[in-house]
Structure formats: C-alpha cells, structure tokens
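The values are calculated or read from the model by the stated rules, or taken from the named source; none is laboratory data. Computed from a prediction, not measured in an experiment: that's the story for all the values here. Here the Cβ is made from the backbone with ideal geometry for all residues, glycine too, and neighbour counts use every protein chain on show.
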2 protein chains.
Amino acid sequence: MDSFTFTLQPHGGKPMYEQIYEYIAGEMWAGRLRAGEKLPSRRSLAAHLRVSQNTVDTAYGMLAAEGYVRAVPKSGFYACALERLSVQPAGAEPEPAQDAPASPPGRDRFLYDFRTDTVDTSIFPYTTWAKLSREVIAGGDSLLNRGDPQGDPPLRRAIAKYLHEFRGVNCSADQIVVGAGLEYLIGLTAQLLRGMGKIALENPGYERTRRIIRNCGGDTVCLPLDRAGLRADSLPGDGVCAAYITPSHQFPTGVVMPIGRRMELLAWACRAPGRYIIEDDYDSEFRYAGRPIPALQGLDQHGRVIYLSTFSKCIAPSIRVAYLVLPQDLLIQYRRVFGAYSSTVSRFEQQTLARFLSEGHFGRHLNRTRLLYRRQRSQLIQSLTGIGLPFEILGGNAGVHFAMRVKNGMTEHELVQRAADCGVRVYGLSEYCMVPVEDLPRSTVVLGYAGFSAADFQRAAALLKQAWMP
Amino acid sequence: MDSFTFTLQPHGGKPMYEQIYEYIAGEMWAGRLRAGEKLPSRRSLAAHLRVSQNTVDTAYGMLAAEGYVRAVPKSGFYACALERLSVQPAGAEPEPAQDAPASPPGRDRFLYDFRTDTVDTSIFPYTTWAKLSREVIAGGDSLLNRGDPQGDPPLRRAIAKYLHEFRGVNCSADQIVVGAGLEYLIGLTAQLLRGMGKIALENPGYERTRRIIRNCGGDTVCLPLDRAGLRADSLPGDGVCAAYITPSHQFPTGVVMPIGRRMELLAWACRAPGRYIIEDDYDSEFRYAGRPIPALQGLDQHGRVIYLSTFSKCIAPSIRVAYLVLPQDLLIQYRRVFGAYSSTVSRFEQQTLARFLSEGHFGRHLNRTRLLYRRQRSQLIQSLTGIGLPFEILGGNAGVHFAMRVKNGMTEHELVQRAADCGVRVYGLSEYCMVPVEDLPRSTVVLGYAGFSAADFQRAAALLKQAWMP
C-alpha cells in the first residue's frame, strides 16, 4: 500500500490521529490492507496528509499498541494478521525451580503495602454523591419496593450508553445484569455455565476467580500466557466452555491483548456451539497512552462474549455495583434460571449511580481519577528511578498496578523477602500463579500504586533501596 | 402439679403473663413439670397468684401457641413432651388428584394480587433514613474503602444485640455474615455445605430456595409437613446434611413450629456430625399474639443451627441487607473458602442501617409495622367475613400472609381460577409444592395482605364474592 486516499476532516469532532488510526484499522478490517504489507513511512504519510509527523506517530503508536501493526526496527510498520497475529514467544528465561513459589513474607504489618486492590478515593465527589442520594431518597416511596431483578432500567440504560461510548460495547439495557460486585456476578456466570464444561483461566491471574467458580461447583483449567496474553492455541478443542480473560490490562502482568489475539480467541469461541469468552474489563478505564482499546465484546458478531465490569474500582470499593452484559442465548437462560432472584443492589444506590452517570459526574470523575493514577504511576516510577534501581516495566501503560522486572541480580523470592524485611510489601509474580509456570518472567514483582502520595513513594523507594541495593 | 410456688414481681420489668409463661416453661425444661401433667385451672392459678384470669389466659395461650402445652376442651391444659411432642397428623382429606396442580390463571394482570412478597413501605421513616444517610456520608472518606468481608463491625454488633434481645439468638458479632439479600446468603450456605449431602426442604415451601441451592450445585430433597411443620421423622439417617426450615411461620402454611418439634429437629442434627438446621427466620418480627417464639438457634447448645434473616422484609425490599449467623465450625470454613470475597453490601448502607438499629429507629419502625400488618390482616379477615364467606385460617397469627381453607365446596383449582376470572390473584397451596403432596389441605389458598388499604380489601372481597359465592 503506497498511498492513502482518504480525506482528513481537520475541523471534525475527532482528533486527526484518531482519524488516521480509524482509517488504517478500517482498511485492515475491509481486507484492503493485508497482513505483511508495509505502511507508508511516517514522514511520507505526514507530508501526504499535510499533518505533523507527531500526529502520524501517535496513530501508528496506537495501532501498534493494539496489535494492528508491528514496528520492525530500521524498516517501518507492517500490518499484522487480524485472526492469526504472529506473537513472539515469551522470551524470559526459566526461573530456577527453587525460587518459583515465593514464600509469603514473615511480617504481618508493613510500612508500605503495594497491594493491587486499593482504590484512591480521595477525589471522590462526595458532596455530589450525597446530593444525588438525597434527591433520590426525596424522590418517592416507590423505590422502597422491589425493583427489576436485572437492575433498575435507568441505571442499565446509563450503563449501556457509557459502554457504547467509552468501551465500544454493543448492547441494549436488556442484556445488562446489575449485581453487588464482580464476585457475585462471576459466581452467577459460573452457575449459568455449570455443566457445560470447564472455564479456562489466565495463569498467572486472579486466584479469586478460580475460587469463586469452584465454590459454585464449576471446574477450571489454568492456561499459559505469552506476551499477547492467554494463548488461544492452548485452548483445548473439547471440555472447555469458556475462557475468562482480562484483555484490557491482564492481571497481573499488565499485557494489553493485541487485536490479533482477540480475534483468535473469538474465532475459538465461534468454532463450536456453547463456547464463550468471559471478558473481565476490570480497569479498562485507566489507560494513559493512546485511547482505550475497544472491548472484545464490541468485536463479537456472534454473541459469544460475556462482558463483566465494576464500578467498585473506578468509584469506590464500598459502592458494590458491578454489571454483566449477556449474549442473547445466555440472557434467555439467565431469565429462566435466575429470573426469580431479587437484585442484590439497593435501589437507592442504583438510582444514585444512574444519575451520577447520566448527569456526567462519572465521566468527570473518571477523568480526574485517570489523571491521579497516571500521576501516581509516574511518581512511583520516578521514585524507583531516583534510587538508581535498574528495572523494566512489563505490560501496558494502564491500570492501577504494574509488573516490574528488577535487574539487580536478585531472584523474585529475594526481592519479596528483602523488601518485607525493610517493611515494604511487594508481590512476586509467582504469587499469582495458580499452577506453576515454567517460563514465568523472572525477578518480577507486582506493585499497585493507587492511593499513595509522592512522599509515600519516596519513603518506600528509600526502603527498597536498602532492601534491593545494599 | 397442683400449685406453683414462685413469687411474681408485680413491679419488675416484665409483664406478669410473661413471668408466668417463663416460670412454667422453665419448670418443664427442668423436668419438674412432665409431659402429660395437667396445669392448674386458670381460675385457681389466678386466685393463687392474685392476678386476673386474663393474665393467666395470656400466659397459657402463649404456652399453647408455642407447643409447650396443649388445651384439651372441657378439661384444661396439659404439658407436652419437649423432645417428642405428639403432634396430630394432618387431618385434611386428600385433594382429588386432578385438582392438585393448580394451573396458572390465564390472566396477566389483576386488579388485586394477593402475592406474599409485598412489603408495605408506606410507614418507612424516610426522613430519618435520609438524615442518617447524610450523617454517614458526611462522616468521612474511610467508608469508601473496602470494608470487612463479613460486614462492618458496628452493623454486626447491632444485629447481634437485636437478635439476642428480640429473637433469643445467642451469637457474637463475629459469627454474623452480612450479605445482599437472603438469596445471596442461601447460595453461600449451599456452597458451604456442598459435597456434604443433600439439603432437606419443606414441601410445600420456598421453590426459590430449592432453585438457589440447585444453581449452586447442591442437591435437595423435599420432605412432608404436618401440623407442627417439617416432620423430623421424615429426615433420612444418611445423605442429608441440613434441613432448611421456617419455624417461626412456615411458608406458606403459616404453621408455628412447636417447641417439641424444634427439639426433635435439633436432636436429629446432633445425632451425627456434619448435620445442620438452616433456620430461615424470615418474618419472625411480625407476630400478633403473644410474644415471639425464641429462635431455634437460641435452643441450640451444639452449634448445629445456621440462622438466616433479612431486613428486606421489615424495612423495604430495596434495602438489600440480610444476615447469616454461622456456628463456629462453619465460620472457620467460611473464612477459609469465602474469606477473600468482598462484602456485597454498600458500606454506606451498612452504616446507615447500623445507626438505624442502634439508635432505636428500627425497634420503633418494627412496632409500627407490626401494628400495620396486624391491622391489614384483620381488615382482610373482616372483609372476607363481611361477604359471608365460610373459611378457616391455618397456621399462626403472624407474618404478612395466611393460608385459608375456603369451605364453599370449591376445589383449590376452582378457587384460584374463578378469582382470576374476577380479576383477583390468589395462590393455591399446591402452587408451593415442589413435589406433589398427597394429604395437602384441600381448598386452601394463600393470601399476602401487606400493602393493601381497607378499601382495597373491601373491593377485592366484593370481587371474591362474585367469584366464590355466585
């Protein structure tokens, strides 16, 4: 492909880099730009389109981050196959066996705990929430009565609108089930799928998910990851009815699943009836470079994706509202099996949240929170750089945690244990392995950075300097 | 037993009828008043204790309602056996087979629907709730963060105190698990017991409970009732790990389980390890004659009772807060299996409810609600009596529904269908049977009366007159 023949709309609603991004992705979807074809050089495209080279850089960067294209050093950008993206095998050397399972540190309390499940609630707009809450309570008696088992329609409509606009999820309010937290909804999903087959899980991944599924009588199988996330070729042909994945920001490695892998997984789900992808989009709101990758659900033409997300991470953990988007066939089954269940969320809270969403408070809050977490992320990186620590961050620039490979010669076990001895809790990557992983990135620890101040990071970094660079 | 030798304390905290009730029940527990012994006549006891005969009547009535004693017409009151209370077999003739499963009426909408799951929220103290809610929100940031997985300690302490004072439940706040509705907690219980054996259910009973248990991979068995509730002798020796019962007011028959049957069920649970009673105390707050019967949990000395109840029925269905009281062994297992689960209830709502309880609002609300439901119950009975309908109410004077045997010669099926044809939905007793019951009381319908006005009852009764007494 030598030239692009489309017109930029400089005064249109969208930034020009997005227009370029969308055009090229569109050409690929249409089959006009094929796998292996080279994209025009950044300089020539910038000249051709009369935009700055930065604009083209941004668009190419987004395409690369999402797996549409890959950069070949000193050559340029090449289109990837959408259904069969060639991914590099995980290049890490095997961790010595004796270090693989990090023994839990021998301290109960830490000065700093980089746990990944903290949410910074310091910028939550209390007064707005309280005001909406009061309005809802003043609004009338009817809210005391039983509501719709799937959740109050105004909330579900607001969620559907948000999902469409911000996550590219295509669904009607009808397909949404509101529930008291992701755990409840993962359990519900496991119950819906019970008897259909095992649920495949990312390993390393959420141990909690495995536990919930097993508690509900479901069976699981742990599958390996590579640098593109869950390996689609590891999914067995039989016996597995669903793959539970975190494509926006894999937990805990931070891998952003490229578009090619997404399509591979969808293809697996479409290959036989009764197969589903469970897409846990848990912190997709927090992406700091480029725009968010659309959800897998939005790529799905055949009703194979169960989409899950929560407000607990982006509002506050104590606001227990999560939601499930069900494909049509499971929606029918859900209504048959769970139709008599009452909603698990207070209607007052549902209505408060519906207003919070539809009046734009949520969007503003998300923007503030995104800025805050981006700042916290860069402050942590700065503090670690400041102590002269050699490290490399794995995964994408997103979320509220990262996995970091420390290059000081210590094993993961030593990193975790010495940090603990200095009063800092960091989490070894192997702590998230439900079954041992042979080629796990070595010397890698996971740090959640939400809720810390710049001073916290500096003090924690000073302790880590003692621990890791004695 | 010819005379009582105890001293009444006329100026003590407790009403005198309660003192008499407690003394006699205590004598029975101590073995000093044995099964079959006759109690002193009401007149002679009143003279002996220098109280009015009404006071003795009330005490004897309570003892009879709770199964401690039974009245023999024209003879007097006799003590029952506590562990082996002789219960009369259900005296109803078998329903003709063709009428047993009431086909659902062919109307989608009714002018009056006597469903049993309505709650009258007209007297809910909104302004108080809103005020507490505002106070809680103003109280600080910390509530936005993750709380205790079992529920916030102030709420659990308030629940433990309430349960002890009002329901005779002996538990510490530690044993309480707060969750978003009974369904969630029944599911959790089923998951806790999974693999241990089947769960026995009352039949007729809550179909919903069976569904929840089965959805979680548990197995159930439906057992018959008699006039004392679930027949303990129907519990198999093997294969059943728990019996789910509603002893305060059996759903839907309204049977108040007598003390003897309670002890029989407890004895069954104690006879082998790994056996439990699941006591669903769902509308125990609404008892209109005598004082509430203490919960089975309070009679249990061996940690065999899992106690369940909810605030959705006594505050509002949209306030999704229910709770579970676990015996020690299951508490340990719960923490092992579910310890990582977040609470399903918003902490704001938990704290609001904790204040609502501890500041006495709940007690006052309960008193108002009890009066309201008692009035609604008697208004419905008056309206039905007013149209000249011959009927008899089964079960105790409690709850927000009753089962009523209509003596107009119609079958249950005819009663339900003709009422539907006149725009009134009543529920056939057989609709609550999960498996067919041979000796089900015939011509019996179930009516929930919460939320109706006196005028509603009169209009509905007028329609039922057309339907049932043409």
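Below, the figures for the structure above:
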quantity	calculated
Every residue from the range B:351-397 that is more than 30 Å from residue B:64 (Cβ to Cβ) and among the aliphatic types (A, V, I, L, M)	B:353, B:354, B:357, B:387
Answer from A:224, A:236 - the residue that is assigned to a loop (DSSP other than H, G, I, E, B) and out of contact with any Cys (no Cβ under 8 Å at 6 or more places or on another chain)	A:236
Residue in the range B:355-365 that is in contact with a Lys or Arg (Cβ under 8 Å, 6 or more places away or on another chain), among the small types (Gly, Ala, Ser), crowded, with 21+ Cβ neighbours inside 10 Å and on the phi < 0 side of the Ramachandran plot present	no
Looking only at the range B:299-322, and only at residues there that are within 14 Å of another protein chain (Cβ to nearest Cβ) and outside any loop (DSSP other than H, G, I, E, B), the one that is surrounded by the fewest Cβ atoms within 10 Å (Cβ to Cβ)	B:310
Selection count, the range B:276-298, where residues are within 20 Å of residue B:328 (Cβ to Cβ) and either in contact with a Lys or Arg (Cβ under 6 Å, 6 or more places away or on another chain) or part of a strand (DSSP E or B) (or both)	6
Candidate set from the range A:433-470 (those that are aliphatic (A, V, I, L, M) and closer than 16 Å to residue A:405 by Cα); member that is farthest from the chain's Cα centre (by Cα)	A:469
Number of positions in the range A:374-408 that are aromatic (Phe, Trp, Tyr) and under 19 Å from the mean Cα position of the chain (by Cα)	1
Failed item in (1) without any contact (Cβ under 8 Å) to a residue 60 or more places away in the chain; (2) touching a strand residue (DSSP E or B) at 6+ places or on another chain (Cβ under 9 Å); (3) farther than 27 Å from residue A:185 by Cβ, with residue B:190 passing the rest	(3)
Residue selected from the range B:125-151 under the condition more than 9 Å from chain A (Cβ to nearest Cβ) and part of a loop (DSSP other than H, G, I, E, B), by the criterion surrounded by the fewest Cβ atoms within 10 Å (Cβ to Cβ)	B:140
Per-region count, the range B:161-218, residues assigned to a helix (DSSP H, G or I), away from chain A (no Cβ under 13 Å) and closer than 29 Å to residue B:238 by Cβ	1
Tabulated pairs, the range A:205-225, first in contact (Cβ under 8 Å) with a residue 12 or more places away in the chain, second assigned to a loop (DSSP other than H, G, I, E, B) and of a type in the set (S, T, N, Q), C-beta under 8 angstrom, 6+ apart or interchain	A:205/A:246; A:205/A:250; A:206/A:246; A:225/A:250; A:225/A:253
Condition met for residue B:333 (part of a helix (DSSP H, G or I), at pLDDT 85 or above and more than 20 Å from residue B:120 (Cα to Cα))	yes
Identity of the residue in the range A:336-365, more than 15 Å from residue A:312 (Cα to Cα), part of a loop (DSSP other than H, G, I, E, B) and not small (Gly, Ala, Ser), that ends up nearest to the other protein chains (Cβ to nearest Cβ)	A:341
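This table checks each residue for (1) at pLDDT below 80; (2) of a type in the set (Gly, Ala, Ser).
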{"residue": "A:4", "(1), (2)": "yes, no"}
{"residue": "A:20", "(1), (2)": "no, no"}
{"residue": "A:31", "(1), (2)": "yes, yes"}
{"residue": "A:34", "(1), (2)": "no, no"}
{"residue": "A:37", "(1), (2)": "no, no"}
{"residue": "A:55", "(1), (2)": "no, no"}
{"residue": "A:58", "(1), (2)": "yes, no"}
{"residue": "A:61", "(1), (2)": "yes, yes"}
{"residue": "A:75", "(1), (2)": "no, yes"}
